[in-house]
Amino acid sequence: FRYKDSLAEDMRRADLVISHAGAGSCLETLEKGKPLVVVTNEKLMDNHQLELAKRLHRGGHVLYCNCSTLLETLQSMDLSTLKPFPPGHPEKFALFLDKVVGFQ
């Protein structure tokens, strides 16, 4: 893709999303209920993408691989094994934050 202001329409139409393992990209895709294959960037310092990918995979929400194993992952994947990502509860965080900073 060339740069786009938003990928929302592309994601809405997609049957599968293949993305880097950035937190924003992963969560946006999972919140839309789309199956997700995340491709980790092993050259990143501290490899935080791999940590996130592994955690989401342990929860059954994504498949993950690196560039060299992407083709193999796509050929052998079974998307029926993926579990929906549970919706967030931002109101709970807001209440917690209000309590911490003394608004309650």
Per-residue accessible area for SER80 at 1.4 Å probe radius, Å² rounded to 10?
100
Per residue, how many Å² of accessible area does region 7-97 show with a 1.4 Å probe?
67
Partner lysines whose C-alpha sits under 24 Å from that of LYS43, ignoring same-chain residues fewer than 8 away, are LYS54
Considering the dipole of the chain built from charges on the beta carbon (Lys and Arg +1, Asp and Glu -1) around the Cα centre, which of LEU70, GLY59, VAL101 is farthest to its positive end?
VAL101
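Please get the size of the charge dipole for region 7-97, origin at its Cα centre, with Cβ charges of +1 on Lys and Arg and -1 on Asp and Glu, quoted in debye to the nearest 20.
So the dipole magnitude of region 7-97 works out to roughly 200 debye.
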Sum of -39500 (n - 2.57) over DSSP H runs of 4+, divided by residues of the chain (222 nm, nearest 500)
-12000 deg cm²/dmol
What chymotrypsin sites (Phe, Trp or Tyr not before Pro) in region 1-87 are in a loop by DSSP, with at most 16 other Cβ atoms within 10 Å of the Cβ?
PHE1, TYR3
Under 18 Å Cα to Cα from LYS32, which lysines show up? Leave out anything in the same chain fewer than 8 places away.
LYS83
From the Cα trace of region 7-97, what convex hull volume per residue do you get, rounded to a whole Å³?
119
So what is the relative contact order for region 7-97, in percent, with contacts set as C-alpha pairs under 8 Å and at least six apart?
24
For region 20-34, take each phi angle, set θ = phi - 60°, evaluate the Karplus expression 6.51 cos²θ - 1.76 cosθ + 1.60, and give the result in whole Hz per residue in order, putting x for glycine and proline.
5, 9, x, 4, x, 5, 4, 5, 4, 5, 5, 5, 7, x, 9
Ranked by GNM mean-square fluctuation in the chain (Cα springs under 10 Å), the top entry among LYS32, LYS92, LYS54 is LYS92
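The values are calculated or read from the model by the stated rules, or taken from the named source; none is laboratory data. Bear in mind that the values here come from a model prediction, so they are computed numbers and not experimental data. Neighbour counts are summed over all protein chains in view; Cβ atoms, including those assigned to glycine, are modelled from backbone coordinates with ideal geometry. Each accessible area value is taken on the protein alone, full model and side chains, heavy atoms only, with ligands, DNA and RNA left out. Shrake-Rupley method; radii C 1.70, N 1.55, O 1.52, S 1.80 Å.
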